[in-house]
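Each remark here refers to the structure printed beneath this line.
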Amino acid sequence: MLSVRFWGVRGSIPCPGRSTIEYGGNTTCLEIRADERLVIVDLGTGVRPLGDFLIENNANSGPMDMDILISHTHWDHIMGFPMFSPIFVPGTKMRIWGPVSINDDSLKSIISNQLSYRYWPVRQSELAAKIHFEELTETSLDMGRELQLSTKFLNHPILCLGYRFEYQGKTIVTAFDHEPFRNIFPTNPEDPGYNEEVAKEGERAAREENDRILRFFDGADILIHDAQYTSEEYEKHLGWGHSSYDYAIEAACQAGVKKLIFTHHEPGSSDEILGSLEAKLKKEAEEKNLEVIMAREGLKVEA
């Protein structure tokens, strides 16, 4: 069985409070299960309750074994790591994978530097778990025990990977943080910087990358997609690296996705706002034969 459970669903910054109780205020963290195989996607603040859950439900109370995939190293996706309980369990094995686009830093240094005295009272060298870091680009990997992983670069201001998990004929895809590729060159002949050939090349490149994204989503049983903005909000945040609900629905329909789950919720979106949006979007998606869900902490979905 391939399944996903949500432990953190917010983007940008944690937002606890009375207005976020229903959907949750922790930043991004997913628990992927391929039967007993554990894969964690992102180390946002949602990884703290996940860590506590893993400790409480570890029947042997001994070392654990897990893979952790980082979509990218922006702070909201890694800041929960120092409070992840399994790092203090002797013998626990963690393989942390992810992309890096800062030339002077490795994945290990970016994650581990949070555990230095200028930020935190516990240092990396004091952790009990055995942690191995591996940097990723676009690739396909056999993770063992029938679990296959494919990766795809998304459109974000820093290198960011989407992940496609395939297990026993089922597929779960993650795509956060991401916005559609667009032509960044002037297309108006009246613009002083306009160049016809450059404008055409920009259009071609954006179209090709968007097509590659659709192929990456193709036929997924579950697509977990960044949807931080409404269409009106998205127009005010071009280039910030996040998508609108409408774009996510359109991409899912074009790719033949069975179930679309919105995540990376805007910090300012209250439970009331998200609930109203979810009801509206469900009706719109039903007309397109697509099931949509607004992610909330604790939600578990089987592929």
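Summary table below
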item	result
Test set (1) modelled with pLDDT of 90 or more; (2) touching a Ser or Thr at 6+ places or on another chain (Cβ under 8 Å); (3) closer than 21 Å to R33 by Cα; (4) not small (G, A, S) - M79 fails condition number	(3)
Top-ranked residue in the stretch 71-86 [being touching a residue at least 24 places away in the same chain (Cβ under 8 Å) and hydrophobic (A, V, I, L, M, F, W, C); ranked as surrounded by the fewest Cβ atoms within 10 Å (Cβ to Cβ)]	M83
Test: residue in the stretch 87-105 that is exposed (fewer than 13 other Cβ atoms within 10 Å of the Cβ), touching a residue at least 24 places away in the same chain (Cβ under 8 Å) and touching a helix residue (DSSP H, G or I) at 6+ places or on another chain (Cβ under 9 Å)	yes
Residue check for L238: touching a residue at least 12 places away in the same chain (Cβ under 8 Å) and either closer than 22 Å to F165 by Cβ or crowded, with 19+ Cβ neighbours inside 10 Å (or both)	no
Top-ranked residue in the stretch 28-63 [being β-branched (V, I, T) and touching a residue at least 60 places away in the same chain (Cβ under 8 Å); ranked as farthest from I111 (Cα to Cα)]	I32
Restricting the stretch 55-76 to residues that are modelled with pLDDT of 95 or more and of a type in the set (A, V, I, L, M), the residue that is farthest from P14 (Cα to Cα)	M66
T151 vs. criteria under 18 Å from S3 (Cα atoms), polar (S, T, N, Q) and crowded, with 20+ Cβ neighbours inside 10 Å	no
Pick from the stretch 107-134, criterion in contact with a strand residue (DSSP E or B) (Cβ under 7 Å, 6 or more places away or on another chain) and within 22 Å of L154 (Cα to Cα), ranking: surrounded by the most Cβ atoms within 10 Å (Cβ to Cβ)	I111
All strands (runs of 3 or more DSSP E) inside the stretch 36-108 with 1 or more residues being basic (K, R), over 26 Å from P16 (Cβ atoms) and in contact with a Leu (Cβ under 7 Å, 6 or more places away or on another chain)	37-41
From Q254, Q228, residue being within 22 Å of F181 (Cβ to Cβ), without any contact (Cβ under 8 Å) to a residue 60 or more places away in the chain and among the polar types (S, T, N, Q)	Q254
Residues within the stretch 128-152 that are part of a strand (DSSP E or B), among the charged types (D, E, K, R) and more than 21 Å from D105 (Cβ to Cβ), tallied	3
Count - residues of the stretch 3-19 that are in contact with a strand residue (DSSP E or B) (Cβ under 8 Å, 6 or more places away or on another chain), surrounded by fewer than 23 Cβ atoms within 10 Å (Cβ to Cβ) and of a type outside the set (D, E, K, R)	5
Condition met for R37 (over 18 Å from the mean Cα position of the chain (by Cα) and of a type outside the set (A, V, I, L, M))	yes
Residue ranges of helices (runs of 4 or more DSSP H) in the stretch 181-295 with at least 3 members in contact with a His (Cβ under 8 Å, 6 or more places away or on another chain)	245-254
Failed criterion for E278 (all others in (1) in contact (Cβ under 8 Å) with a residue 24 or more places away in the chain; (2) surrounded by fewer than 22 Cβ atoms within 10 Å (Cβ to Cβ) hold)	(1)
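The values are calculated or read from the model by the stated rules, or taken from the named source; none is laboratory data. Given the structure is predicted, the values throughout are model-derived calculations rather than measurements. Using ideal geometry, Cβ is built from the backbone for each residue, glycine included, and neighbour counts are taken over all protein chains shown.
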